[in-house]
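Please read the structure below before turning to the comments.
The values are calculated or read from the model by the stated rules, or taken from the named source; none is laboratory data. Please read all numbers here as calculations on a predicted model, not as lab measurements. Note: ideal-geometry Cβ built from the backbone for every residue, glycine included; neighbour counts use all protein chains shown. Ligands, DNA and RNA are excluded from the accessible area calculation, which covers all protein heavy atoms including side chains. Shrake-Rupley method; radii C 1.70, N 1.55, O 1.52, S 1.80 Å.
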Amino acid sequence: MNHHVSTDSRLTVSDIAKGGLVAALYVVLTLLVAPVAYGPIQFRISEMLNFLGLYNRRYVYAITLGCFLANIPNGYVDMVVGSLSTFVFLWIGRWVSQWLLESLKTKQRLSFDPMLLAYAVMIIAFMLQMAPITIMIQYLTQALEPFWSTFWPLFISLALNEGLAMLLGSLIIYPISRRINFYD
């Protein structure tokens, strides 16, 4: 399978439709598990869609929009911080993955699909994305404990939940990507 990243800047009706479907799917999947999708647990099955950002940048915008809309029940702080951090970490994961895949392409032949490495990068990026989310939750809940005494346990919990959600999601998105061309 060809592992390239779309760099075409033209926006088509098809791009808008595909992006809209992904944004809507993110919202639906988040609301489906709403009791655990928000707050200090944050186990969102919708996070599996983050992998789509590796294939085409339209999905970066679509997932960001979906996150923004899914965060409406938590108010404007979560809408802004959650979607902005999603946007930033999608781009970071995408950029690091591209760099890593390009550098490996010139140096060695891998015995496995290099896209699996890109998936691992995205999982790590989104586990790290839980740092600003942890700070936001502490701000919103106005934690009475000293900042660092609550930061680390909450961050570790959120990062592990995010990693698990994305790992499970990779078991869905990766096989689908072998049948559906997400690049186009």
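Looking at the chain, the pairs of alpha carbons with a distance over 23 Å make up 41% of the total. Shown here for the range 81-184: trypsin sites (Lys or Arg not before Pro) in loop regions (DSSP other than H, G, I, E, B) with at most 14 other Cβ atoms within 10 Å, namely 109, 178, 179. Against the chain, whose longest principal axis comes from its Cα atoms, helix 115-128 is set at around 20 degrees. To the nearest ten degrees, helix 13-32 and the longest principal axis of the Cα atoms of the chain are 40 degrees apart.
In this structure the range 22-145 gives 48 Å² per residue of accessible area when probed at 1.4 Å with all protein chains present. Between the beta carbons of residue 141 and residue 32, assuming R0 = 25 Å, the FRET efficiency works out to 0.55 to the nearest 0.05. Among the protein heavy atoms of the range 137-184, carbon and sulfur supply 69% of the accessible surface, probe 1.4 Å, non-protein parts ignored. With a cut-off of 15 Å between beta carbons, the residues surrounding residue 29 carry a summed charge of -1, where Lys and Arg count +1 and Asp and Glu -1. In the chain, the DSSP-assigned H stretches of four residues or longer account for a calculated mean residue ellipticity at 222 nm of -23000 deg cm²/dmol, using -39500 (n - 2.57) per stretch and the full residue count as denominator. In order along the range 63-76, phi translates into HN-Hα couplings of 5, 4, 4, x, 5, 4, 5, 5, 8, 3, x, 8, x, 5 Hz, rounded to whole numbers, per the Karplus curve 6.51 cos²θ - 1.76 cosθ + 1.60 with θ = phi - 60° and x for Gly and Pro.
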